[in-house]
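A short write-up of the structure that comes next.
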Amino acid sequence: MKLYSYFRSSAAYRVRIALNLKGIAYETIPVHLLKDGGQQLSSDYRDLNPTGLVPTLADEDWSVGQSMAILEYLEETHPEPALLPADAKERARVRAIAQFIACDIHPLNNLRVLKYLKHELGVDEDAKNAWYRHWVEDGMAALEAMLGHHPATGRYCHGDQPTFADLCLVPQVANARRMNCSLDAMPIIVRIDAACAELDAFQQAAPASQPDYEG
């Protein structure tokens, strides 16, 4: 498999964790989101993924974009270890957490949104960063409540094995810390992130471990 990835992309980060947890060998193809006007916008990359977004997973002569669709594909084609619970209600909870992060928190602090705020709407750097922190902290507070109010929360977001929820949580926490968002009122999130950080699969997927990492 080939994963078209950018070291700082939280969506690509999710997929890297899944590939590592499942022990799937893959080649990283870096797609720099800032160089050359954004390599994801090149005609060659758009031929592969018309959305001009990362990640894209290529499996032989077939490819798919969108991180959540990629996670589902990997779960169906490489079911062990399972990253979704066996019970339908438990699967729904895991998907709800994962999609809350991927669909409600992440899009508001995505690079293309921040670039539009700054370059098209004329928002200055401080205001742009305030936008980022507001929506991340607001979303993370809701997520903390989701985790704290449910008995199925364990060592990880759901029980004592990593799931899609943790794959989405860890990259979002990494971004929050990079942008100096406050996590002081979110002890459950911080605890789960620390538990994930103990696993090799998460360590190897981290931005600093990627071939295209820029410090």
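Values quoted throughout were computed directly from the atomic coordinates according to the rules given, and no laboratory measurement underlies them. No experiment lies behind these values; they were computed from the predicted model shown. With ideal geometry, Cβ positions are generated from the backbone for all residues, glycine too; neighbour counts draw on all protein chains shown.
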- Item | Inter-label distance for Gln204 and Leu108, nm, one decimal - labels placed 7 Å from Cα along Cα-to-Cβ | 3.5 nm
- Message: Contact order normalised by length for the range 1-66, with contacts defined as Cα pairs under 8 Å and 6 or more residues apart; what percent is it?
- Response: 40 percent
- Query: Within straight cross-link reach of Lys2, meaning Cα distance under 24 Å, which lysines are found once same-chain residues fewer than 8 apart are removed?
  - Reply: Lys22, Lys35
- Note on the structure: Of the range 130-155, those with amide N under 16 Å from the point 7 Å along the Cα→Cβ vector of Ser182 are 130-142, 144
- Per DSSP, loop trypsin sites (Lys or Arg not before Pro) in the range 117-149 with at most 16 further Cβ within 10 Å: none
- Query: Cα to Cα, under 19 Å, and not fewer than 8 places away if on the same chain: which aspartates and glutamates meet these conditions relative to Lys115?
  - Reply: Asp36, Asp104, Asp124, Glu125, Asp126
- Task: Taking the dipole about the Cα centre of the chain, with the C-beta of Lys and Arg at +1 and of Asp and Glu at -1, give me whichever of Met186, Pro162, Thr28 is farthest to the positive side.
- Result: Met186
- Quote to one decimal, in nm, the extra length available between Val190 and Asp212 on full extension: 0.36 nm per residue of separation minus the C-alpha distance between them. 5.2 nm
- Note on the structure: Quick calc: nm separation of the 7 Å Cα→Cβ label points for Ser42 and Glu120 -> 2.4 nm
- Message: From the phi angles alone, apply the Karplus equation (6.51, -1.76, 1.60; θ = phi - 60°) to the range 208-215 and give each ³J(HN,Hα) in whole Hz, x where the residue is Gly or Pro.
- Response: 5, 8, 8, x, 9, 4, 10, x
- Task: Report, by chain and number, residues whose modeled amide H sits under 5 Å from the one on Ile29, excluding near sequence neighbours (fewer than 5 apart, same chain).
- Result: Leu3, Tyr4, Ser5
